[in-house]
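Some notes on the structure that comes next.
The values are calculated or read from the model by the stated rules, or taken from the named source; none is laboratory data. Keep in mind that this is a model prediction, so the values were computed, not measured. Positions of Cβ are generated from backbone atoms using ideal geometry, with glycine treated the same way; all protein chains shown enter the neighbour counts.
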Amino acid sequence: MSDISAYLLSVVGVVFLLVIIELVLPDSKVSKYIKSIYSIFIVVVIITPLAKLINSDWDWNSFFGGNEYTVNQNFIDNVNEQNIDLFEQQLEDYINETYEGAKIQISANFEGDGMKLNYIFVDLSGLVINENNQHINYYTAVKELVSKQVNIDEERIIVYG
């Protein structure tokens, strides 16, 4: 049982006993003295834990139950993978508006709160070539398109296929 729950339980127990004593005792001069002594006892029970707070070696973790929380790295890795998958899908949809059939794969690291892109791999092996665009250098065109959209150096965009 944590310190705070033990403290609250003792205060509630003392007040409960006071109510029972008040119901049982008849009205007389002795009952006034007993109630006075019991009131002092309640004050002592309430003030006693304050001495721990004044102590300089006080540990707040033990006061609040000492529960420690750990990071579930598998969960964080799973969320990061989902973020990469979502980003790959959005970039693939953007490229496929202009050049249909491109596939995207992203290599990234997560540092702090953000994602750092290492490389973007673009597979053009399934690219559909239109009659109007058959003389275009698709490798450079796709690199430029991805570079503008993602704001990454063209050296880190690898187009193949």
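The figures follow:
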quantity: Total residues in the range 107-161, condition closer than 27 Å to residue 79 by Cα and at pLDDT below 85; calculated: 6
quantity: Qualifying positions in the range 129-150 - free of Cβ contacts under 8 Å to residues at least 40 places away in the same chain and either within 19 Å of residue 84 (Cβ to Cβ) or of a type in the set (D, E, K, R) (or both); calculated: 131, 143, 144, 147, 148
quantity: Residues that are part of a helix (DSSP H, G or I) and in contact (Cβ under 8 Å) with a residue 12 or more places away in the chain, drawn from the range 151-161; calculated: 156
quantity: Candidate set: the range 106-150, residues that are basic (Lys, Arg) and part of a helix (DSSP H, G or I); chosen: the one nearest to residue 160 (Cα to Cα); calculated: 143
quantity: Some residue of the range 1-15 being exposed (fewer than 10 other Cβ atoms within 10 Å of the Cβ) and of a type outside the set (Asp, Glu); calculated: yes
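Residue-wise test of (1) at pLDDT 80 or above; (2) farther than 30 Å from residue 113 by Cα; (3) outside any helix (DSSP H, G or I).
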| site | (1), (2), (3) |
| --- | --- |
| 8 | yes, yes, no |
| 57 | no, yes, yes |
| 61 | no, no, no |
| 80 | yes, no, no |
